[in-house]
1. State yes or no: is residue 299 in contact (Cβ under 8 Å) with a residue 60 or more places away in the chain and in the same structural domain as residue 336 (by TED's automatic domain parsing)?
2. If you scan the stretch 388-398, which residues turn out to be touching a helix residue (DSSP H, G or I) at 6+ places or on another chain (Cβ under 8 Å) and either outside any loop (DSSP other than H, G, I, E, B) or outside the structural domain of residue 187 (by TED's automatic domain parsing) (or both)?
3. Return yes when residue 305 is assigned to a helix (DSSP H, G or I), modelled with pLDDT under 90 and more than 19 Å from the chain's Cα centre (by Cα) and no when it is not.
4. Anything in the stretch 236-251 that is touching a residue at least 12 places away in the same chain (Cβ under 8 Å) and surrounded by fewer than 18 Cβ atoms within 10 Å (Cβ to Cβ)? List them, or say none.
5. Please go through the stretch 217-235 and pick out each residue that is touching a residue at least 40 places away in the same chain (Cβ under 8 Å) and surrounded by 21 or more Cβ atoms within 10 Å (Cβ to Cβ).
6. Out of (1) surrounded by 15 or more Cβ atoms within 10 Å (Cβ to Cβ); (2) at pLDDT 95 or above, the odd one out for residue 91 is which?
7. I'd like to know if the stretch 332-343 contains one or more residues that are closer than 28 Å to residue 236 by Cβ, exposed (fewer than 13 other Cβ atoms within 10 Å of the Cβ) and out of contact with any strand residue (DSSP E or B) (no Cβ under 7 Å at 6 or more places or on another chain).
8. Looking only at the stretch 252-262, decide whether some residue is part of a helix (DSSP H, G or I) and surrounded by fewer than 18 Cβ atoms within 10 Å (Cβ to Cβ).
């Protein structure tokens, strides 16, 4: 059979049964309300009836033939829905609401397939339009996938939604540490410093040492190795290679090292995380490296400036980064420059938008010591959202570039158990 004569997936009997069941019992109405959307229904009349059921259920009103007809009459859609006789037919079509789960699953399965076919067909048609760019098509595809995921998910189970009582009764004895006492999975860290302070070196050291299973603030402390991805958006690959070779060779000396555990992406021209192509690029390298920690910088080269307000641009990039964090469960270690001096003072806050001062769990500022050229003080440009064992200072060292220092000789053993 040729494609033009193919029927889109649907089951009218299942649609009628689901709506009829919803008008028989409150439980069935709840199942239909929580697991379906109007788009799941093939027949336009059924979409109107479904919306009436949803509106009644949300208001806490009774859902039955009389109330559904009254709601359709109120919205002036009763005749479009087939009239009172058709609504009565829906109610009598299904003898019992016991099998509502089967009807709903059937409607959702076929409706989801139909939506995917319609969306992908629409996107395919765009390809024949010379005005539509490849980036536009990629954006449409990603939007369609997002919509498809939302529609096919079990909407009766809302992730992250529960009573407070059951929430606090869950065990939280074990943090999901990547770096014990310091960095947990899905944490967001931004490190800001002036030029030459060593923030890029620190990011490289963090990426290599965690991949080797070594605590970056204590070379004598072993930790479970972490899969890392280092993304350099500024320096040319030969320079990165020269600077990071020593670190990787040090990492190779540890038993925890695995060549497949540490990855890099170099893009000296920067990227634009507001463009679908670059969004997909970063999503792909995170997926293929199976990274748990992504170290990236400098932040200002993760997007291109445009005529829009800085808050708008940076807010969009923050949402993209949060999307990676949520999809892949990664922690983010981002570095950025401090603004230039004003009136003789150098502010150690992220350059550009205030978005980055509000966004991370931990905002670290590396301030050069006035007394010791080999030391930086690890300050904050925002308050920590959780108690962690960050060192108070970093000092130039060997063989690893940075060594941690705590005021009062704070031992790393106490720090990692904090």
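1. Yes; evaluated as a whole, the condition is true for this residue.
2. 394, the sole residue that qualifies.
3. No, not satisfied.
4. Hits for the stretch 236-251 are 236, 237, 243, 246.
5. 217, 223, 226, 228, 229, 230, 231, 232
6. Result: residue 91 passes all but (2).
7. Within the stretch 332-343 (the criterion being closer than 28 Å to residue 236 by Cβ, exposed (fewer than 13 other Cβ atoms within 10 Å of the Cβ) and out of contact with any strand residue (DSSP E or B) (no Cβ under 7 Å at 6 or more places or on another chain)), the answer is yes, since at least one residue qualifies.
8. Yes, the stretch 252-262 contains at least one residue that is part of a helix (DSSP H, G or I) and surrounded by fewer than 18 Cβ atoms within 10 Å (Cβ to Cβ).
The values are calculated or read from the model by the stated rules, or taken from the named source; none is laboratory data. Since this is a predicted model, take the numbers as computed values, not measurements. Positions of Cβ are backbone-derived with ideal geometry, glycine not excepted, and every protein chain shown enters the neighbour counts.
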